[in-house]
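Here the structure is laid out as structure tokens; the discussion comes afterwards.
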Amino acid sequence: MSDPLTLEGLNQKVSQVFGRLAIDKRRLPASQLNKRNVPAYVAEWVLDTLAPGEGAISPDELAKIQAWADRFIPRPDETKIIKNRLLNGDVVKVLTPVEVEVVLTRRVRERAAQLKLLGLSEIHIADGIVDQYPDLLKQGMWGVAELMETQEGIALTSFRPMQASVNLAIFQEKRRAFSLDEWRALLLTSIGYHPWAFDELEKTYLLCRLLPLVEKNLHLLELAPKGTGKSYLYENINPRVRLLSGGNVSPAVLFVNNASGQWGLLARFAVVVLDEVQTLKFEKPQEVVGGLKGFLANGRLTRGGLYETASDCSLVMLANIVLDSQQRPVLSPLVRELPSFLQETAFIDRLRGIVPGWKVGKLSGGSFAQGIGLKSDFFGDALLALREDVTANQYAAQAIELKGNRLYKRNEDAVRMIASGLMKLQFPHGQLSSEEYDIYCVRPAVELRQLVWDQLYMLDAEYRQYDETIEYALTGLE
């Protein structure tokens, strides 16, 4: 019989197995770097560079961190000061996200850096920097940028990005050192939660938020009341995850700008998250949902037939939901919480699953990580690297078979994809029993897809020609 899982025991094992790839998650809030408008994967990089270690941050460490932040992380009200320094001829170094646009016209052919946090655009950037860091041309990169005034205007003369080195084989091999309970606790700690604050089902629902990172084109809807941390993970996990919260959402933003030929977010990011979809302002909503239906069905992006490309981006929609006194959803069908144009059954059908976020308790002070987890930059990159490992996908294709007389193929596809993602998360080394696969991978996958199927069954009689309940059998497993 194994010893009971304890925070002290898990901390010791994580530090021993992962070494410098692990970090004490309590130190980030204590450093106050998270108040500097930088995501956790950046703040942890800064923290580990300046003050590596475990336990409480000392006054000297805190002073060092704050001094560095004051020097290199500009506050929102300091952008004019930085511009004035550049005007005076100072060399300025700042920690900031940098994106690069390529301008190709008859008269202008150049690369221009965009530093949106500083309100700077059309910044000259050396060709060598772009060649060395091609992600600057995609979703952009965080790093320390050196800026100065030149004859060509403001120029970005050097760039030191934050980088994680990910060897997926090593990540998978290190999983062997942990029991399933330990590994699930490590995953939750790594994304900022305290595992002991949640029951086993709640842990699974929280882990389901990671599915779009490990699986290509895995599209989810999460419905939950306010205060359950729906967007917390996506804001802090990886620069290839883009969270849209507030503002306008247009076909040009999501798909492609036909005037400029600039591809939208779904082409440039691994995961795009629409936060609080009830409050987002959608321009040309019918064109948006029409484009999304095509993209969700086949991974193709197009708009008006002018441009077309493939994308493996996963789309996530987060929506608040009203609960009754028993903490159950008030409205039925559940998708009544969405804007009316997103309630179309052809669109809902193309979602792989619905995460029942209302079954996760509201977050409190004790809900957040109190131990050692994986560094956010390393962890996020490792999850995205799992997209390329098809072992779990092949396993699901062979093991899961839906049962019934009137089967619906999209149900089977969705169940297999979600089960595959849960296997990648919890069993990246590929070793598990048939019972573990059933309990921790297949049953949650069926639950998430059944919630989609329930909405379709209630909204559209066309779907009632198929079996109402998703039933399955596992085949070919020992």
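The values are calculated or read from the model by the stated rules, or taken from the named source; none is laboratory data. The model shown is predicted, which means the values in this text are computed figures rather than measured ones. All Cβ positions, even for glycine, are placed from backbone atoms using ideal geometry, and neighbour counts span all protein chains on display. Note: accessible area is taken over every heavy atom of the protein model, side chains too, but ligands, DNA and RNA are not part of it. Shrake-Rupley method; radii C 1.70, N 1.55, O 1.52, S 1.80 Å.
Within region 253-279, which residues are surrounded by fewer than 18 Cβ atoms within 10 Å (Cβ to Cβ), within 16 Å of Pro339 (Cβ to Cβ) and not β-branched (Val, Ile, Thr)?
Glu276, Gln278
Kindly establish whether Gly261 is among the small types (Gly, Ala, Ser) and more than 23 Å from Trp453 (Cβ to Cβ).
So Gly261 fits the description; yes.
Filter region 211-250 for residues that are open to solvent by less than 30 Å² (accessible area, probe 1.4 Å), in contact with a helix residue (DSSP H, G or I) (Cβ under 6 Å, 6 or more places away or on another chain), at pLDDT 95 or above and not in a strand (DSSP E or B) and give the result.
Across region 211-250, the qualifying residues are Leu211, Leu213, Val214, Glu215, Leu218, His219.
Taking region 50-82 as the region of interest, how many residues are modelled with pLDDT under 90, surrounded by 12 or more Cβ atoms within 10 Å (Cβ to Cβ) and assigned to a helix (DSSP H, G or I)?
2
Just one of the numbered conditions (1) under 25 Å from Pro356 (Cα atoms); (2) in contact (Cβ under 8 Å) with a residue 40 or more places away in the chain; (3) in a loop (DSSP other than H, G, I, E, B) is not true of Ser325; which one?
Among (1) under 25 Å from Pro356 (Cα atoms); (2) in contact (Cβ under 8 Å) with a residue 40 or more places away in the chain; (3) in a loop (DSSP other than H, G, I, E, B), Ser325 violates only (2).
Quick test for you: out of Val102, Val38, pick the one residue that is of a type outside the set (Lys, Arg), surrounded by 14 or more Cβ atoms within 10 Å (Cβ to Cβ), at negative phi and not in a helix (DSSP H, G or I).
Only one candidate qualifies: Val38.
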